[in-house]
Ligand code: AMP
């Protein structure tokens, strides 16, 4: 994942980071060793591994494991997203997790933070390919690349697609900002709007409502097009240029490369300057102004409240006209948007296609899980078996596995107690797993019967093995009361 790999991994190395700078992990900082070192430590050929010398292995800094409870919370969001996509006519698509670097350099813009500083460059350790790959930092550029590559312009337009999946950005990790994070990405390519712009804003808000965040607001702006944006940027550059000495250093650098970005700077030193900066909304060309008014009229017709925010420019270069971001009420001033999107009428052409309008959004799932957790509402139901097959004879594991396999083949979620432990311990484990029933194998199995114990009602009856699948299916296995804090 690094730009350059040390030739022979060793314990103390200066390591090239994706931003090209070189860092030496601080002594004892296992997180950094874990994240920056490029290979197993102590693997010198011919020498046995000494496990006492191995640092503890951890997930790379800025990434995290989603253990079953948290994965279930993400799964719930993915299901809601997939259901909404069907309802709104957005079809599923997948693109590779890595692309030619040029897809992002051309598509997102070489002077953006995402490409300049945050891209994970990928190089194979061997092979013929000499292409410069990068892990995707967002999904739009890859989807548009696929649209051009597969000639989707010949399909009925617009092409409406959606995906959920991980994105990768080398950013300074903090709460809600990770190096691997998940997005729900939705794109409508081939529709100039304005109605589809409103459809997407409404869809985003509906997603937040359906997952359980009722207080999400949308900030809306138009950032113009190639006719009105360049003169606006020139005006902005001149404005900030007059105040150059007052600019923090990063902003001074941005002024040279991408003056629009100064507008959404969260540096308090910029607040007064930004408040007085020229506003794009007052400088839109007539077609852009008409489009913006029409988007607002469509939102009004849907009864959707929004706030026009002239400083909203979004981080990526490819946006034109409509731009929007979702925040929890009261958190608009902060850096952490829940999601955002916008129109990108120039992107298809930038990536080699014919001029084609497009619009989309990406909603960060991690931040939704965090927001739900802050409300004490993040946990989703972890799937549990309807029954677990246990037995009076601890050593009869083959029998338990066979009965469980038959029930699984019949389509039921059924656990099998495969440890050789006493029946009491097996039943305890079945309860811990959240099973509604225990199928108890004993002497009755000889004439084709088992004991079916209702673990929730603490009752038990003898049933024919042949009827078991139908019986369990009828019982449904639904929890009478939600477990694991399910909602
Ligand atoms: P962006 O493409 O930067 O507008 O990102 C869209 C959404 O993805 C944001 O509003 C966040 O919710 C989420 N997101 C972006 N970067 C990160 C990150 N480093 N960690 C977690 N979520 C992120």
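Just so it is clear, none of the values below were taken in a lab; they were calculated from the coordinates. The model shown is predicted, which means the values in this text are computed figures rather than measured ones. Glycine gets a Cβ as well: all are built from the backbone with ideal geometry, and neighbour counts include every protein chain shown.
Observations on the model:
- Kirkwood-based shape ratio for segment 359-444, expressed as Rg/Rh from alpha carbons: 1.25
- Each Cα pair under 8 Å and six or more residues apart adds its sequence gap; the mean of these over the residue count of segment 236-355 is a relative contact order of 20 percent.
- Least to most buried among 405, 112 (fewest other Cβ within 10 Å first): 405, 112
- Cα gyration tensor category, rounded, prolate or oblate, for segment 404-455 with a/c compared to 1.5: oblate
- Using all pairs of distinct alpha-carbon atoms, the Kirkwood hydrodynamic radius of segment 52-115 works out to 16.0 angstrom.
- Taking the square roots of five times each eigenvalue of the Cα gyration tensor of segment 342-390, the equivalent ellipsoid has semi-axes of 43, 19, 7 Å, listed largest first.
- Ordering 461, 160 by the number of other Cβ atoms within 10 Å of each residue's own Cβ, fewest first, gives 461, 160.
- Global form of segment 97-241, assessed from the alpha-carbon gyration tensor, a/c cut-off 1.5: rounded
- Classified by the C-alpha gyration tensor, segment 268-367 has a rounded form. Its axis ratio a/c, with a ≥ b ≥ c, is below 1.5.
- Distribution of pairwise C-alpha distances over segment 188-231, 5 Å bins, in %: 5, 17, 20, 20, 16, 12, 6, 4, 1
- Dividing the convex hull volume of the alpha carbon atoms of segment 155-278 by its residue count gives 178 Å³ per residue.
- Inverse of mean 1/r across different Cα pairs in segment 230-299, Kirkwood, Å: 13.2 Å
- When only alpha carbons are used to place a centre, segment 97-150 and segment 270-311 end up 31 Å from one another.
- The orientation-averaged shadow of the Cα convex hull for segment 306-433, equal to a quarter of the hull surface, comes to 14.3 nm².
- The ranking of 285, 228 by Cβ neighbour count inside 10 Å, starting from the fewest, reads 285, 228.
- Ordering of 148-158, 196-206 by burial proxy (mean other Cβ atoms within 10 Å per residue, highest first): 196-206, 148-158
- For segment 150-189, the Kirkwood hydrodynamic radius comes to 12.3 Å, computed from all pairs of different C-alpha atoms.
- Shape analysis of segment 109-189 yields a ratio of the Cα radius of gyration to the Kirkwood radius, Rg/Rh, of 1.03.
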